[in-house]
Amino acid sequence: MEVIHFSTECYPVAKVGGLADVVGALPKYLLKQDVSAAVVMPKYGNKWIRNHAFETVFEDTTPLGDWKFEFRIQRQKGDILGFPLFVVDIPKRFDRPGIYADPHTGSGYADDFERFASFQIAILDWINQMQHKPDLLHCHDHHTGLIPFMLTQSYRYRDIKHLPTVLTVHNGEYHGIFDRKNVYQLPEFDMQHIGLADWDGKLNCLAAGLKTCWQITTVSESYMDELAHNSNGLEWLFRNEKQKSRGIINGIDTTVWDPQTDPMIAHHFSKEDVTSGKQKNKEVLCEQFSLDPNRPTISYIGRLAYEKGADLLPDLFREYLEDSQSVNFIVLGTGSRELHREFSNMNERFVGYFDATLDFNEPLAHQIYAGSDFMIMPSRVEPCGLNQMYSMRYGTIPIVRNIGGLKDTVIDIGEPNGYGLTFYDFLHDAASEALQRALDFYQDQKEIKNTRRRIMSLDFSWKASAKEYIKMYNKLTEK
């Protein structure tokens, strides 16, 4: 079986969030189970792409509305990611410093529809002329949601309309909404079916994909249920398409995230020597930020964004920093300018107890996972969450809101076989209570050691999840 994944992110080529980690890992695990898998993404003007060689496998000129654009499909030489990586090179559309926004201004690009529509049209034109076509097309999020729509509706692709399509929703908050008139730029189709692309009078790329793909998946079972009640206006559609929907929990790439071999951490360790290994890494981490390694250390890694609940953190952390309790807090991430200002002020005020690195720093993230005692994730929305899995892989105990994939992967220490700390309501008091429970739990170092060993033994690898995808692929191709 041959499967092609279409995405705007893929680790380590281009990453904004968890989408990149999924697309960069799942194909490797599919290949291990004898499913041929490749990834296709835009050719950005970033450092990774500039530093690697590509060869052109197809090029053409094709229409987008009343004008034509040139494109090239290029394959990365050597397949160093462990699977074939193809990039779509469209001059003046993706050769920019940012993926979704200008990093200098934080604003999105004005030509987003043309960017992502041309990307998807180029993909389908390439597949359309292939002599040996893939068995299944796997699309990720709204940036590829027009692929199932065009495949089933556009006259140009009638010869490949039989190809099964999967659309995975990584974050149902974002739909790809544009003025409805943009639909006329797509390859010609029967205008009686324009409703398939429409939602609330707009061109909605995610809605178009949900209506026309063969199978909808999302990245945890709980999040699949939540989308029917909270998906930024698509609740009815998710309920209506329930019969072709399912949740499959994400995994993590355990070859990248392995405390025994990770080149990005100062000291390697396993569950057998977790206490000494964690302490050594904690000392390195705390020395970097002038913190006391004898205190419990609670960290946050992620986007400083509304859906991540990052706005809850300043007041939450200040409550403890202004109290007599002795605790370190570390923040790593970028996002809201207001939160940048708040955390910068806290850096100056709470020297020796708090540090916020307002940047994207992958090596530092690994060291934080290895050296922290707890990782807090107060998310408003969390389709799956990977940080809690990375944390547990490194013996760091998660403090999470009981929602989405966090609910599916973290069991509270108050429950049988529990190993994390959870809270339900997105409220300061609820998060504060969970944080206090963590600090109280830290006092029992024997139980901390047992819990660290337990969470390091949990299997969050892609192996089991890949098997579920393969079962689904087989059912679709048998149709």
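Below, the figures for the structure above:
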{"quantity": "Cross-chain or 6+ apart pairs with Cβ under 6 Å, region 448-473 first and touching a residue at least 60 places away in the same chain (Cβ under 8 Å), then charged (D, E, K, R)", "calculated": "453/271; 456/271"}
{"quantity": "Residues located in region 404-429, provided they are touching a residue at least 60 places away in the same chain (Cβ under 8 Å) and either buried (at least 24 other Cβ atoms within 10 Å of the Cβ) or at positive phi (or both)", "calculated": "404, 405"}
{"quantity": "Given (1) outside the structural domain of residue 10 (by TED's automatic domain parsing); (2) in a loop (DSSP other than H, G, I, E, B); (3) in contact with a Phe, Trp or Tyr (Cβ under 8 Å, 6 or more places away or on another chain), number of the condition residue 308 does not satisfy", "calculated": "(3)"}
{"quantity": "Those residues of region 12-53 which are more than 25 Å from residue 471 (Cα to Cα) and either of a type in the set (Ser, Thr, Tyr) or not assigned by TED's automatic domain parsing to the domain that holds residue 218 (or both), in sequence order", "calculated": "44"}
{"quantity": "Tally of residues being under 15 Å from residue 298 (Cβ atoms) and in a helix (DSSP H, G or I) across region 436-450", "calculated": "8"}
{"quantity": "Some residue of region 217-240 being β-branched (Val, Ile, Thr), within 23 Å of the chain's Cα centre (by Cα) and surrounded by fewer than 23 Cβ atoms within 10 Å (Cβ to Cβ)", "calculated": "yes"}
{"quantity": "Counted residues, region 165-191 - those being part of a loop (DSSP other than H, G, I, E, B) and over 21 Å from residue 247 (Cβ atoms)", "calculated": "6"}
{"quantity": "Considering residues of region 322-334 that are surrounded by 18 or more Cβ atoms within 10 Å (Cβ to Cβ) and without any contact (Cβ under 8 Å) to a residue 40 or more places away in the chain only, the residue farthest from the chain's Cα centre (by Cα)", "calculated": "329"}
{"quantity": "Residue match in region 7-27 (condition: more than 17 Å from the chain's Cα centre (by Cα) and surrounded by fewer than 23 Cβ atoms within 10 Å (Cβ to Cβ))", "calculated": "no"}
{"quantity": "Residue within region 29-36 that is more than 30 Å from residue 304 (Cβ to Cβ) and among the hydroxyl-bearing types (Ser, Thr, Tyr) present", "calculated": "yes"}
{"quantity": "Failed item in (1) surrounded by 19 or more Cβ atoms within 10 Å (Cβ to Cβ); (2) touching a helix residue (DSSP H, G or I) at 6+ places or on another chain (Cβ under 7 Å); (3) part of a helix (DSSP H, G or I), with residue 432 passing the rest", "calculated": "(1)"}
{"quantity": "Residue count, region 96-117 (criterion: over 19 Å from residue 46 (Cβ atoms) and at pLDDT 95 or above)", "calculated": "3"}
{"quantity": "Hits in region 363-390 (condition: of a type outside the set (A, V, I, L, M), assigned to a helix (DSSP H, G or I) and in contact (Cβ under 8 Å) with a residue 40 or more places away in the chain)", "calculated": "363, 366, 367, 369, 371, 387, 390"}
{"quantity": "Count of residues meeting criterion [out of contact with any strand residue (DSSP E or B) (no Cβ under 6 Å at 6 or more places or on another chain) and β-branched (Val, Ile, Thr)] in region 389-409", "calculated": "2"}
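The values are calculated or read from the model by the stated rules, or taken from the named source; none is laboratory data. Source: prediction; values computed, not measured. Counting neighbours? That spans all protein chains shown, and the Cβs are built from the backbone with ideal geometry, glycine included.
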